Amino acid sequence: MAATDRTIRIRIRPAALTDDAGLARLDHDTWATLHAVQPRPDPGEPFFDARHTPDAYLVAEADGVLAGYVRLAPATPLACNAHVRQIQGLAVADAARGRGVGRALVSAVMAEARAQGARRITLRVLGHNAPARRLYGALGFAVEGVLPGEFLLDGGYVDDVLMGRPL
């Protein structure tokens, strides 16, 4: 059996309103209790809304096809916390997993957080999401707290893991 070339060209760019339908489909298709605590989104519903505007997102294109997104937001609305940004969503299309898209998105969002003047970046990840925890750890995020059994998913209690790192 011949080896397969899994090299892809990844382009990270700011999201645009025209990405709405593609991101809604991606969000629906990638939904799983491995990483989601909200119900599965309806692919016909708009992705963007008043609280989730395109300026908070970076999207990844792999070989010209929408392959993922990451959302960056202030951790809180408090002025004393303005130096912190939080990753509040990351999704990678199944076909692009394991090919560097997630790493490229997280690296790009860290650069964007720095450009916004942030000194620190945080996130929350479900305790059973080993692939995401490995990715974040490889990019310098450390576990800073655990909320044991915070969520009941598929009949089992799942930890909410708080991670962060300086920028």
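The values are calculated or read from the model by the stated rules, or taken from the named source; none is laboratory data. Note that this is a predicted model, so its numbers are computed, not measured. Don't worry about glycine lacking a Cβ; one is built from the backbone with ideal geometry, like all the others, and counts go over all protein chains shown. For accessibility, only protein heavy atoms count, side chains too; no ligands or nucleic acids. Shrake-Rupley method; radii C 1.70, N 1.55, O 1.52, S 1.80 Å.
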Scan of region 137-162 for residues that are within 16 Å of the chain's Cα centre (by Cα), among the hydrophobic types (A, V, I, L, M, F, W, C) and closer than 11 Å to Leu126 by Cβ, ordered by number: Val161
Region 122-131, subset open to solvent by 60 Å² or more (accessible area, probe 1.4 Å) and farther than 19 Å from His83 by Cβ, residue nearest to the chain's Cα centre (by Cα): Pro131
Count of residues meeting criterion [over 16 Å from Leu66 (Cα atoms) and of a type in the set (A, V, I, L, M)] in region 81-100: 3
Extreme residue, farthest from Val101 (Cα to Cα), among residues of region 49-91 that are open to solvent by less than 30 Å² (accessible area, probe 1.4 Å) and over 15 Å from the mean Cα position of the chain (by Cα): Val84
Qualifying residue in region 13-34 (condition: assigned to a strand (DSSP E or B) and touching a residue at least 40 places away in the same chain (Cβ under 8 Å)): yes
Qualifying residue in region 83-96 (condition: out of contact with any strand residue (DSSP E or B) (no Cβ under 7 Å at 6 or more places or on another chain), under 18 Å from Ala142 (Cα atoms) and not hydrophobic (A, V, I, L, M, F, W, C)): no
Residue among Ala104, Ala108, Ala91 that is among the aliphatic types (A, V, I, L, M), at pLDDT 95 or above, within 24 Å of Asp20 (Cβ to Cβ) and touching a His at 6+ places or on another chain (Cβ under 9 Å): Ala91
Residue in region 149-164 that is among the β-branched types (Val, Ile, Thr), within 17 Å of Leu34 (Cβ to Cβ) and assigned to a strand (DSSP E or B) present: yes
Subset of region 15-48 [among the small types (Gly, Ala, Ser), within 14 Å of the chain's Cα centre (by Cα) and at pLDDT below 95]: Ala32, Ala36
Options Arg134, Arg165, Arg103, Arg119: the member that is more than 16 Å from the chain's Cα centre (by Cα) and either of a type in the set (D, E, K, R) or surrounded by fewer than 16 Cβ atoms within 10 Å (Cβ to Cβ) (or both): Arg119
Flag if Val70 is without any contact (Cβ under 8 Å) to a residue 40 or more places away in the chain, more than 17 Å from Thr7 (Cβ to Cβ), in contact with a helix residue (DSSP H, G or I) (Cβ under 6 Å, 6 or more places away or on another chain) and not polar (S, T, N, Q): yes
